[in-house]
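Below is one structure; the comments refer to it alone.
The values are calculated or read from the model by the stated rules, or taken from the named source; none is laboratory data. All values reported here derive from a predicted model rather than from experimental measurement. Here Cβ is always computed from backbone atoms with ideal geometry, including for glycine, and neighbour counts include all displayed protein chains. Note: accessible area is taken over every heavy atom of the protein model, side chains too, but ligands, DNA and RNA are not part of it. Shrake-Rupley method; radii C 1.70, N 1.55, O 1.52, S 1.80 Å.
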Amino acid sequence: MGGLWERFKRWFFQRYKFTRQSIFWTLFCIVVFALTLYFMNVMANVASYLSPDNTKVPKMSDRLFEAIPSIQLLWLTDLADALLFVPTIILVLTHYRPLYLLCKVLLTWALCNLMRITTVAITSFPDPRDGCMHSVGEFFTTFLLHRCGDCMFSGHTVIFVISALVWTSHGYHRFPKRYRWLAWICMLFVWALTFGSAIIVIANRAHYTVDVLVAFYVAGGNFYIWTYIFDHYIEEKGRLRDLTHPWGDGPDPRPHAQEREQKRQLRMSNDAEKAAMAEPPPASTYQTREIQMQSVDIETEQPSNSHVYYTNSGQPANNQTYNINQQGDDQDRIQAVEQQPYLDQPMQLPGELYTHPERQ
């Protein structure tokens with residue numbers, strides 16, 4: 001029993017790396033989500049208070065209302081939320097990067113709440129459902145699930161779409177390669193349940209069709225906005241390692257993660273190479289200067305052109321001299337003659353060197 005408990009603790013603390021960094025950012029995301037959820041409820045109460053009475057004001061025309069018969073089963077809408085949301089929470093908590101994925105989901109949901117705060121009360125719609133409840137003015141203390149005028153856009157559909165995208169982006173890789181067919185079946189089931197739940201929302205007349213469609217666009221866009229931010233500004237730059245890599249700083253063993261890491265390393269190498277080419281080359285320690293001089297070849301007693309390379313300190317830049325004759329082909333024209341070295345570390349001179357250094 002003790003061995004099992006020790007293994008569980010090791011698994012738990014490896015999966016949930018509780019450091020100051022991971023705890024702070026997880027709590028930060030929870031607080032941001034809670035604040036946006038609360039103020040979204042406040043604005044939904046305002047929208048309900050301002051919405052026109054749908055018994056006196058005609059409802060808006062809706063094409064799918066004409067095609068889908070009306071039902072009075074609001075509990076099906078909440079059941080659809082539970083069928084998608086509860087398995088998604090289990091996936092998040094059992095993920096190999098649970099705190100990272102939890103923060104991503106909460107921030108996506110919080111951004112959707114923030115957008116809903118700005119849209120739900122700005123335009124008043126007559127509620128499409130008969131018998132809804134109006135808010136009476138206690139905006140900060142009233143908590144209702146199905147209110148009149150709480151239309152633009154559908155909060156239930158936001159939950160559907162976020163859950164489906166989490167399963168699509170992070171649930172697929174949980175399956176071993178030989179069971180990828182099962183992963184495809186799960187994703188098809190999740191998306192079928194998502195679209196079916198959206199139809200249930202419309203059939204219950206809990207929202208207009210436009211509310212549901214806008215929720216699809218907003219939730220999908222916000223999810224991939226945060227995916228881009230996490231990938232390009234946090235993971236690729238090596239930030240929040242305790243949150244994004246709870247197993248440590250070692251490489252991610254998954255094939256697709258290794259491929260992404262190789263692309264990142266190649267991109268960083270190319271950027272560094274471009275930056276190095278753009279900068280002027282640093283001054284060499286053994287910067288040389290070329291001195292033209294006239295000398296006389298001993299064997300032919302003819303003057304020959306020669307170049308001498310010296311360092312800044314006045315010493316020859318190499319421990320070999322090169323005699324350049326005016327006759328002969330290129331291979332015979334350069335002959336190396338050993339000379340007493342003047343430097344401990346001979347310098348490799350660039351390119352074709354036509355030198356005949358001789359200390360005068």
Given a 1.4 angstrom probe, I'd like the percentage of the accessible area of segment 1-84 that is carbon and sulfur, rounded to a whole number.
72 percent
Using the Karplus curve 6.51 cos²θ - 1.76 cosθ + 1.60 with θ = phi - 60°, work out ³J(HN,Hα) for each residue of segment 91-98 in order, rounded to whole Hz, and write x for Gly and Pro.
4, 5, 6, 9, 5, 6, 10, x
Alpha-carbon centroid distance for the pair segment 32-53 / segment 87-116, whole angstrom:
22 Å
Over segment 54-212, what is the relative contact order in percent, taking alpha-carbon pairs closer than 8 angstrom and at least six residues apart?
38 percent
Would you mind giving the three semi-axes, in whole Å and largest first, of the ellipsoid equivalent to segment 126-270 according to its Cα gyration tensor?
40, 20, 13
Summing +1 for each Lys or Arg and -1 for each Asp or Glu, what net charge is found among the other residues whose Cβ lies under 15 Å from the Cβ of Met187?
+2
Apply the Karplus parameterisation 6.51 cos²θ - 1.76 cosθ + 1.60, with θ equal to phi minus 60°, to every residue of segment 131-138 and state each ³J(HN,Hα) to the nearest whole Hz, in sequence, with x for glycine and proline.
x, 6, 9, 8, 6, 9, x, 7
Amide H of Met133: which non-local residues (sequence gap of 5 or more, or other chain) have their own amide H closer than 5 Å, using H built in the peptide plane?
Cys148
Please give the net charge around Leu144, taking every other residue with its beta carbon less than 15 angstrom from that of Leu144, where Lys and Arg add +1 and Asp and Glu add -1.
-2
For segment 97-173, what does the relative contact order come out to in percent, with C-alpha contacts under 8 Å and a separation of six or more?
36 percent
Order Trp109, Trp181, most accessible first, counting only protein heavy atoms with a 1.4 angstrom probe.
Trp181, Trp109
In sequence order, calculated HN-Hα J values of segment 232-237 (Karplus, 6.51, -1.76, 1.60; Hz; x Gly/Pro):
9, 10, 10, 5, 5, 8
